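What follows is a single structure, written as structure tokens, with notes after it.
The values are calculated or read from the model by the stated rules, or taken from the named source; none is laboratory data. This structure is a prediction, so every number in the text was calculated from the model and none was measured. Positions of Cβ are backbone-derived with ideal geometry, glycine not excepted, and every protein chain shown enters the neighbour counts.
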Amino acid sequence: MTLYLHDTAARAVREFTPITPGQASVYLCGATVQAPPHIGHLRSAVVFDVLIRWLEASGYRVTFCRNVTDIEDKILRTAQAEGVPPWIVAERNQRAFTWAYDALGCRPPDVEPRATGHIPEMIVLIRRLIEGRHAYAGGRDVYFDVHSYPEYGALSGQRLDQMRPAEDADDAPGTDSAKRDPRDFTLWKGAKPGEPFWETPWGPGRPGWHLECSAMAVKYLGPAFDIHGGGMDLIFPHHENEIAQSRSAGDGFARYWMHNGLLGLAGEKMSKSLGNSLLVTDVLRRVRAPELRYYLVQAHYRSLLEYSEDALAEAAAAYQRIERFVVRASEVLMGAADDDGAPGLPPSFRSAMDEDLGVPAALAVVHAWVRDGNLALGAADKTAVRASLVQVRAMLDVLGLDPLAPPWAGGSGSADRLHDVVGSLVKLTLGQRDAARARRDYATADAIRDSLDEMGIGVEDTPEGPRWELKQ
Ligand SMILES: [Zn+2]
């Protein structure tokens, strides 16, 4: 079996041949922690979690590095608006991201470096670029000279003379900029009053966004590594600039560039302006975590995933079909299927995943096995049930969707179940209260309500009937 991956730089699907046989190194541009994550942010995390799982299932030993951008214009603006230091904003939102990654079953990376923890590495990189005449200090900033790197624009398929100016410095019309060319981008920003800064040979300042990934990827994965990933919105300028910096400094850098499609809302890229309804915490009030993961995983990773509530509900229903089979089959077999050792995966699933992570086709294989498994359950054919369950769970493990594996099993799954059971009991009790009211026994009806209240269950009568919730 051979793995093929789409390489943005080659504009083609290429056979994956790692630098070191049997090993794979992956760098993913992680979050800019300026706000809590919405589900668009999590698509990238989930997509690359599946890549890591598939590389491991294919026998590779994977080193996975995902950075955190904890110093950046938007973080500084938020901090200023709130009247707090920038690190308070960054820490708070990084925790929110970590919570969301965990909630959606994304396994933690081997290393999660933060930009502010790697200023010395960035200073060394700038020095190398200046010495090689690829960068220059201008005013209080340091810029990368895009004319010094002849392949600039190759990743995004643009010619230098057609590019827009880099929008990364105070070079808006009417302001002074020491850039030699408006397309030169900022490696280092001179400090403005009140901003955090680090002392450098070029004066006090802070890093530009692009520099950190070049410095950190090489620190943790070496001058050349296998796969660099991120959302398609990062191809230009971020990844174009990463390549320019790293190659100019003499590093081989990434050999494959993988980009996931974005999550769209009515054709528009998801952004903060859409409000909070798509925050991960908010969506997880409407669907369970594995259902949200299923939704984010089911489309091909390079496609634009157009968000709709209906599509989310459909994904939840599809996941529930799989989950019902897995739960029922395990109950019938009483866990015996766990003892079968590492199962092989169906060849059709393998070939789907090997073809540039063809998750839609791979999920079709899962659903076919679930259908067969349900028939076997109906026929009480335990051998066939066991065969289906083992295969289905092995495939789901690759996708991070096995209902009986962490984090779903025993975690949110059992909490959901408990919630359902409590809901049924409350409904039963409210039925008795209704019956008491119907026979004008208001004392009993009130006593039932008071008892629920003492248990911490608040009941509210609405035109659609009574609603309940656990009181804080
Ligand atoms: Zn990056």
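A few remarks follow.
- Qualifying position, being exposed (fewer than 14 other Cβ atoms within 10 Å of the Cβ) and modelled with pLDDT of 95 or more, among Leu375, Leu363, Leu357: Leu375
- There is at least one residue in region 73-86 that is within 16 Å of the ligand (Cβ to nearest atom) and buried (at least 17 other Cβ atoms within 10 Å of the Cβ).
- The one condition from (1) surrounded by 14 or more Cβ atoms within 10 Å (Cβ to Cβ); (2) at pLDDT 90 or above that Ser303 does not meet is (1).
- When restricted to residues that are under 23 Å from Asp49 (Cα atoms) and outside any helix (DSSP H, G or I), region 65-98 contains 6.
- Residues in region 24-41 that are within 9 Å of Thr69 (Cβ to Cβ) and more than 9 Å from the ligand (Cβ to nearest atom) were compared, and the one that is nearest to the chain's Cα centre (by Cα) is Ala31.
- Extreme residue, nearest to Asp70 (Cα to Cα), among residues of region 208-225 that are buried (at least 24 other Cβ atoms within 10 Å of the Cβ) and either without any contact (Cβ under 8 Å) to a residue 12 or more places away in the chain or away from the ligand (no atom under 11 Å from the Cβ) (or both): Gly208
- Residue list for region 378-392, restricted to those being at positive phi and surrounded by 18 or more Cβ atoms within 10 Å (Cβ to Cβ): none
- Members of region 226-235 that are away from the ligand (no atom under 11 Å from the Cβ) and surrounded by 19 or more Cβ atoms within 10 Å (Cβ to Cβ): Asp226, Ile227
- Among the candidates Trp198, Trp202, residue that is out of contact with any Ser or Thr (no Cβ under 9 Å at 6 or more places or on another chain) and closer than 20 Å to Gly138 by Cβ: Trp202
- Failed condition for His118, given (1) part of a loop (DSSP other than H, G, I, E, B); (2) under 22 Å from Phe225 (Cα atoms): (1)
- Consider region 393-450 and keep the residues that are in a helix (DSSP H, G or I) and at pLDDT 95 or above. The one that is surrounded by the most Cβ atoms within 10 Å (Cβ to Cβ) is Met395.
- When residues of region 42-64 are limited to those that are within 16 Å of the ligand (Cβ to nearest atom) and within 12 Å of the chain's Cα centre (by Cα), the one surrounded by the most Cβ atoms within 10 Å (Cβ to Cβ): Ser44
- Single match in Glu242, Glu291 (criterion: farther than 30 Å from Arg11 by Cβ, among the charged types (D, E, K, R) and at pLDDT 95 or above): Glu291
For every residue, the table says whether it meets (1) at pLDDT 95 or above; (2) of a type in the set (Lys, Arg); (3) under 18 Å from Arg128 (Cβ atoms).
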residue	(1), (2), (3)
Tyr152	yes, no, yes
Leu160	no, no, no
Met163	no, no, no
Ala172	no, no, no
Thr175	no, no, no
Pro196	no, no, no
Pro204	yes, no, no
His228	yes, no, no
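- Single residue of region 236-265 satisfying the filter (within 16 Å of Ser303 (Cβ to Cβ) and surrounded by fewer than 22 Cβ atoms within 10 Å (Cβ to Cβ)) that is farthest from the ligand (Cβ to nearest atom): Leu265
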